[in-house]
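Worksheet: one structure, shown below.
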Amino acid sequence: MIRSHGRSATTPLLSVTGITKRFGGVEALAGCTLSVREGSITGLIGPNGAGKTTLFNVISGLTPADGGEIRLGEDRLDGLSAHAIARRGVARTFQIPRPLGRMSVLENVLVYAHAQPGEGLARVFTSPARVAAAEQRLRERAHAILESVELAPLAGDRAETLSGGQKKLLELARALMSEPRMILLDEPGAGVNPTLMRSLVEAIRTLRAAGRTFLLIEHDMDLVTELCDPVIVMAQGRTLLEGPFAEVRRDPRVLEAYLGTAA
Ligand SMILES: Nc1ncnc2c1ncn2[C@@H]1O[C@H](COP(=O)(O)OP(=O)(O)OP(=O)(O)O)[C@@H](O)[C@H]1O
Ligand SMILES: [Mg+2]
């Protein structure tokens, strides 16, 4: 059954309520409201320019909203810095991967360790032995994460030598380094070849089974079909509807949003 967007009966992990964001004359977010159930892989689809990436930028604290509210469980996230939001357990990947090209694949994952609660540098400034032990633990964790996305064999390679699809997997690995509860993936499948796509799907499923929650923007409808339930449709800065993809894809309002004309 497709239901109009609103709060579900159980408390969602992420709730976005009435978020607005304007860039000059463009109303990128026009009172966007949605929620993400804990343990779900929720899809976020919609035509180009619908406001999906802007919503991720607002949730992750990179772009301040003009109005509205964002909560992780009961905690307010809006108004916090990107760093504070990451520390509360929200991680995101970018539509265009941004690896530090001259650094190795492993180092690219390690630089994200700062957001890890309990592994702050202040805690290890006690003795060189403790610093070394903490760094060793981080390296082991980074390696385990690279293994989970099948990038471990490339750990020592410079990030700029990776293919487009491998850079997408590296983005996911970096996001995981902060042990997030909520992971925002912006088009993880874009430019990923079929073999790497299997790794990506398996990695996301394994992570969900381990208790992670995903909100996933995607234009690749095969990936949406395979991974996402429910799917939320956005158009013109608002959520249109939510439901299982098999039902959402047949809804006339969705067809209209994609075609940009009255159905
Ligand atoms: N920094 C910015 N300055 C000005 N306009 C912006 C900015 N960021 C986004 N926009 C505009 O806001 C609207 C929403 O863009 P957004 O990138 O969020 O869409 P999207 O749903 O992610 O699209 P796509 O599927 O193409 O990635 C667009 O009209 C875009 O041009
Ligand atoms: Mg986008």
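The values are calculated or read from the model by the stated rules, or taken from the named source; none is laboratory data. This one's a predicted model, so the numbers in the text were calculated from it and none came from an experiment. Neighbour counts are summed over all protein chains in view; Cβ atoms, including those assigned to glycine, are modelled from backbone coordinates with ideal geometry.
Show me the helices (runs of 4 or more DSSP H) entirely contained within the stretch 196-263 in which 3 or more residues are free of Cβ contacts under 8 Å to residues at least 40 places away in the same chain, within 16 Å of ligand 1 (Cβ to nearest atom) and in contact with an Asp or Glu (Cβ under 6 Å, 6 or more places away or on another chain).
Qualifying helices (runs of 4 or more DSSP H): none found.
With of a type in the set (Ser, Thr, Tyr), over 28 Å from GLU226 (Cβ atoms) and in contact with a Lys or Arg (Cβ under 7 Å, 6 or more places away or on another chain) as the only criterion, which of THR63, THR20 stands out?
None of the others qualify; the one that does is THR63.
Filter the stretch 30-64 down to residues that are in a loop (DSSP other than H, G, I, E, B), more than 13 Å from ligand 1 (Cβ to nearest atom) and over 17 Å from ILE19 (Cα atoms), then give me how many there are.
Summing the residues that are in a loop (DSSP other than H, G, I, E, B), more than 13 Å from ligand 1 (Cβ to nearest atom) and over 17 Å from ILE19 (Cα atoms) in the stretch 30-64 gives 4.
Suppose we filter LEU216, LEU138, LEU196, LEU176 for residues that are more than 16 Å from ligand 2 (Cβ to nearest atom) and within 16 Å of the chain's Cα centre (by Cα); which single one remains?
So the residue among LEU216, LEU138, LEU196, LEU176 that is more than 16 Å from ligand 2 (Cβ to nearest atom) and within 16 Å of the chain's Cα centre (by Cα) is LEU176.
A quick yes/no check of all residues on (1) at pLDDT below 95; (2) buried (at least 21 other Cβ atoms within 10 Å of the Cβ):
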{"residue": "THR206", "(1), (2)": "yes, no"}
{"residue": "GLY211", "(1), (2)": "yes, no"}
{"residue": "CYS228", "(1), (2)": "no, yes"}
{"residue": "VAL231", "(1), (2)": "no, yes"}
{"residue": "MET234", "(1), (2)": "no, yes"}
{"residue": "ARG250", "(1), (2)": "yes, no"}
{"residue": "VAL254", "(1), (2)": "yes, yes"}
{"residue": "GLY260", "(1), (2)": "yes, no"}
{"residue": "ALA263", "(1), (2)": "yes, no"}
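Which one is farthest from ligand 2 (Cβ to nearest atom), of the residues in the stretch 25-42 that are farther than 20 Å from GLU218 by Cβ and modelled with pLDDT of 95 or more?
Restricting to residues being farther than 20 Å from GLU218 by Cβ and modelled with pLDDT of 95 or more, the top hit is GLU38.
Scan the stretch 43-89 residue by residue and report those that are more than 10 Å from ligand 2 (Cβ to nearest atom), closer than 20 Å to VAL254 by Cα and small (Gly, Ala, Ser).
Listed by number, the list holds a single entry, GLY43.
Consider the stretch 138-165. How many of its residues are in a helix (DSSP H, G or I), among the charged types (D, E, K, R) and touching a residue at least 12 places away in the same chain (Cβ under 8 Å)?
3
Under 7 Å between Cβ atoms, which residue pairs at least 6 apart in sequence (or on different chains) link something in the stretch 34-50 that is more than 12 Å from ILE183 (Cα to Cα) and in contact (Cβ under 8 Å) with a residue 12 or more places away in the chain with a partner that is among the basic types (Lys, Arg) and surrounded by 22 or more Cβ atoms within 10 Å (Cβ to Cβ)?
LEU44/LYS52; GLY46/LYS52
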